[in-house]
Amino acid sequence: MTDLEAGDPRLQQVVDGIVRIAAGDLGTRIRTSPQRDDVDAVITGINLLAEELNSVYQDFEERVESRTRELQAAHRQMQRMAMSDALTGTANRTALMHEIEAELLASEIEGTRPSVLMIDLDAFKDINDSFGHQTGDQVLVEVARRLRWAVRRGDTVARLGGDEFAVLLPDTGLSTAMGVSARIHEALAECIRVEEIDVWPRASVGVHAAQPGESAEDIMVRADTAMYAAKDAGRGQSKAFEPVMLYARQLRRDMATELREGLGRNELFLDYQPVVELATGRMSGVEALVRWQHPQRGLVMPDDFIPIAEETGIILDLGRWVLRAALEQVAHWEGQLDLDDDFKVRVNLSAMELQRLDLVDHVRQDLLETGIRASRLVIEITESAFVSGGDVEMYSLKSLNALGVGIEIDDFGTGYSSISYLRRLPVQTVKVDRSLIRDISADPGQRQFVDAVHGLIRAAGMEAVFEGIETLDQAADLLVLGCRNGQGYYFSRPLGAGQIQAILAEGTVLPLVQAPAAAR
C-alpha cells in the first residue's frame, strides 16, 4: 500500500496551503519531509509558485504606491499652479479670494476683521511699450519681491493680473493697514535696475478694512475703488475707502452708459477752434472739439467724459464719430466756400485708437466717402502716445503719413520726449503746450526758453503751433520770435460750424498781431 493510499497527512497540508494561497496569503509555505518523494516535489513546486506570486505582488504594490505618490505630487503641484501666479510666485486672485473668505469665517468666531490693499503700478504700460515685455516681466518679479518684504509675516501677497497686486492683512485695522501701505511705497521708492535700464516703479494703493456683513467681493470692490481714487489724486498715493467713493464710481459707470447711448442718439456735436496765422490773422485751419449735450445734465465738456470714455473703451467709437463728423463738415464747407489750399482740420486721436490695426483703413475709407483729400486732415496725438508707442503705433503713424495725412504732436512740453527722438517719427507739426507760454511776457528767462524750444523744433524740420494764447502780449512776443501759427482765446474761443463758416465766407481777419515797435 502507497503513502497516498495510507492517507499521507502531508496531502492535507498541501490542500490547506493551496487554500491559504488562494485566499491571498502569499507568505504561506508548506513544510517538506525528509522523504524527498513525489509529494515533497509537489510541495516544493507550490512553495516556489507562492514565492513568485508574492514577489510579483510586492513589485505591483510598490509600483502602485510609487504611482500614487506621483499622482499626489502632481495634484499638489496643480493646486499650487491653480492658486499661484506663474510669473511672480505670489498667490493669484483665486487664492486671495479663498484667503479672504477664510478670514471672514474666522472673524465670525473671533471678532477680528481683515484689511485688503489694492496696488496698481503707475504708468507700467510705458515700461512695457518703451523697453519690451521681457523687461516689464522682470520689473513685476522685483515688485512682487519688494511687496513680500514690505508686508508682515502671515500677510498674503497676490498678483491679480497685469500690473495689479493685492495684499491681505489678517486681523488688521485701518491704521495698521495704512502703515503697511506706507512701507510698500518706501519699498518701491528705489529704482529697479534691469540690465542697463533704470526703472522707477510707483504705485497707487487703495486700502479697505472689512466691515461687518461685507463679502469677499465687497471688500475687493471697495479696495479697488479706493485705488482708483488714489490714481485720480496723483501718482504714488494711498487712499482709504470712503462710501462717497463708491457713489462716485457708480456715477462714472452711469455716465459711461449714458455716453454710449448718447453717441447713438446724436447727442454729441463738434465745436471748432481756429488756428491762426500770427502775421496776418488768417484762419489757416481749425481743431475739432467734441461736446456732449446731455438731455438732463446739460452741456458736458470733454474733461468730464473723455477720461471715462478712455477707461471703458468707448473712446474707440467716439473717436471714429469725431473723425467722420469733422470730415463731413469740411466737405460741407468745401461745397459752400472757396477754402484756401492749406486749410486743415485737426482731429485728436487717443493712444487706444492708435493701437487699432484697422485705423488706417478706417481713415482711408472716411476720406474716400467724404471726398476730402488727405492733406486737409491733421491727426493730433499726445506726446505720451508717441513716446510709449510700439510696433502697431509706429505702423499706424507711418501708414497715415504715407496716405498724405498730417501728424501733429499735441501738448508738447508736458511729457518727457526729446526732439532727437521725435524727429525720427513721421511728424510735421508740434503743438506747444500752453504752460510754456503762460509767463512769456513777464519772465525774460521763460521767453528765452520758448525761443530755444521753437528753434529746436524748426531745426528738426517741423513747424510749431503755440496753443493757449490769451493776450496780445503773448501773441506779439511769439511773433517776434518768428512763430507762425497760434491758437487760443485771444483769437477765438471754440465756435459752432456755422460761425466758422461765416468767418471763412467773409474773409474776416481774426485779431491781428503786430510786433512791438522796439522789436521791429
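Where does the chain land at 222 nm, in deg cm²/dmol rounded to the nearest 500, when only DSSP H runs of n ≥ 4 count, each adding -39500 (n - 2.57), divided by all residues? Could you put the intermediate results ahead of the total?
Values: 18 runs with 264 residues, N = 520.
Taken over the chain, the calculation gives -16500 deg cm²/dmol.
Using 20 Å as the cut-off for backbone N distance, which residues of the range 43-62 belong to the label zone defined by a point 7 Å from the Cα of Leu71 along Cα→Cβ? Under 20 Å, as judged by backbone N against the label point of Leu71, lie 57-62 of the range 43-62. Couplings 3J(HN,Hα) for the range 10-18, derived from phi with the Karplus relation 6.51 cos²θ - 1.76 cosθ + 1.60 (θ = phi - 60°), are 5, 4, 5, 4, 4, 4, 4, x, 4 Hz, where x marks Gly and Pro.
The packing ranking, built from the mean of other Cβ atoms within 10 Å per residue, places the peptides 474-485, 496-507 in the order 474-485, 496-507, highest first. Against the criterion of solvent-accessible heavy-atom surface with a 1.4 angstrom probe, Trp292, Trp149 sort, most first, into Trp149, Trp292. A Förster distance of 25 Å, applied to the separation of the beta-carbon atoms of Val56 and Val14, puts the FRET efficiency at 0.70. Against the longest alpha carbon principal axis of the chain, how many degrees, from 0 to 90 and to the nearest 10, is the axis of helix 315-336 turned? Between the helix axis and the principal axis of the chain, the angle is about 30 degrees. Ranked by the mean number of other Cβ atoms within 10 Å of their residues, highest first, the peptides 10-17, 168-175 come out as 168-175, 10-17. Using a probe of 1.4 Å, the accessible surface attributed to Val194 totals some 10 Å² when neighbouring protein chains are kept in position. Provide the net charge surrounding Glu101, with neighbours chosen by a C-beta distance below 14 Å and charges set as Lys +1, Arg +1, Asp -1, Glu -1. The answer is -4.
Taking amide H as placed 1.01 Å from N in the peptide plane, Arg484 has its amide H under 5 Å from the amide H of Ala464, each at least 5 places away in sequence or on another chain. To the nearest ten degrees, helix 133-150 and the longest principal axis of the Cα atoms of the chain are 70 degrees apart.
With q set to 0.12 Å⁻¹, the log10 of I(q)/I(0) for the range 299-367, from the Debye formula over equal scatterers at the Cα positions, is -0.39. Does the chain come out rounded, prolate or oblate by the C-alpha gyration tensor, with a ≥ b ≥ c the root eigenvalues, rounded set by a/c under 1.5 and, if not, prolate when a/b is larger than b/c and oblate if not? The shape class here is prolate. Taking the charge dipole of the range 292-416 about its Cα centre, with +1 at Lys and Arg Cβ atoms and -1 at Asp and Glu Cβ atoms, the residue from Ala351, Gln329, Thr382 reaching farthest to the positive side is Gln329. Relative to the longest principal axis of the Cα atoms of the chain, the long axis of helix 391-403 makes an angle of roughly 30 degrees. Here the 3J(HN,Hα) profile of the range 337-351, calculated from phi with Karplus coefficients 6.51, -1.76 and 1.60 at θ = phi - 60°, is 10, 9, 6, 4, 4, 8, 5, 10, 10, 9, 10, 6, 10, 7, 4 Hz, Gly and Pro shown as x.
Rounded to the nearest 20 debye, the dipole magnitude of the range 243-299 is 240 debye, with +1 charges on Lys and Arg beta carbons, -1 on Asp and Glu beta carbons, and the Cα centre as origin.
Amide H contacts for Gln428 (H built 1.01 Å from N in the peptide plane; partners 5 or more residues away or on another chain; cut-off under 5 Å): Ile407. Once all protein chains are placed together, Lys125 keeps about 100 Å² accessible to a 1.4 angstrom probe.
Please give the net charge around Gly507, taking every other residue with its beta carbon less than 14 angstrom from that of Gly507, where Lys and Arg add +1 and Asp and Glu add -1.
On the way: positive: Arg282; negative: Glu277, Asp338, Asp340, Glu506.
Net charge around Gly507: -3.
When the Cα gyration tensor is reduced to axis lengths a ≥ b ≥ c, the ratio a/c is 1.5 or higher for the range 439-489, and with a/b not above b/c it is classed as oblate.
Sort the range 175-281 into rounded, prolate or oblate with this rule: let a ≥ b ≥ c be the square roots of the eigenvalues of the Cα gyration tensor; rounded if a/c is under 1.5, and if a/c is not under 1.5, prolate when a/b is larger than b/c, oblate otherwise. Write out the running numbers ahead of the final one.
Working: a/c = 3.11, a/b = 1.32, b/c = 2.35.
Since a/c reaches 1.5 but b/c is at least a/b, the shape of the range 175-281 is classed as oblate.
Of the peptides 438-447, 273-282, how do they stack up when ordered by the mean number of other Cβ atoms within 10 Å, highest first? Intermediate results must be reported in sequence, preceding the final value.
Details: 438-447: 14.6, 273-282: 20.2.
Packing proxy ranking, top to bottom: 273-282, 438-447.
Around Arg376, what is the net charge, scoring Lys/Arg as +1 and Asp/Glu as -1 over all other residues with Cβ under 13 Å from its Cβ? With Lys, Arg at +1 and Asp, Glu at -1, the neighbours total -3.
State to the nearest 20 debye the size of the charge dipole of the chain about its Cα centre, where the only charges are +1 on K and R beta carbons and -1 on D and E beta carbons.
With Lys and Arg at +1 and Asp and Glu at -1, about 1260 debye.
The values are calculated or read from the model by the stated rules, or taken from the named source; none is laboratory data. All values reported here derive from a predicted model rather than from experimental measurement. So basically every Cβ, Gly included, is an ideal-geometry build from the backbone, and we count neighbours across all protein chains shown. Note: accessible area is taken over every heavy atom of the protein model, side chains too, but ligands, DNA and RNA are not part of it. Shrake-Rupley method; radii C 1.70, N 1.55, O 1.52, S 1.80 Å.
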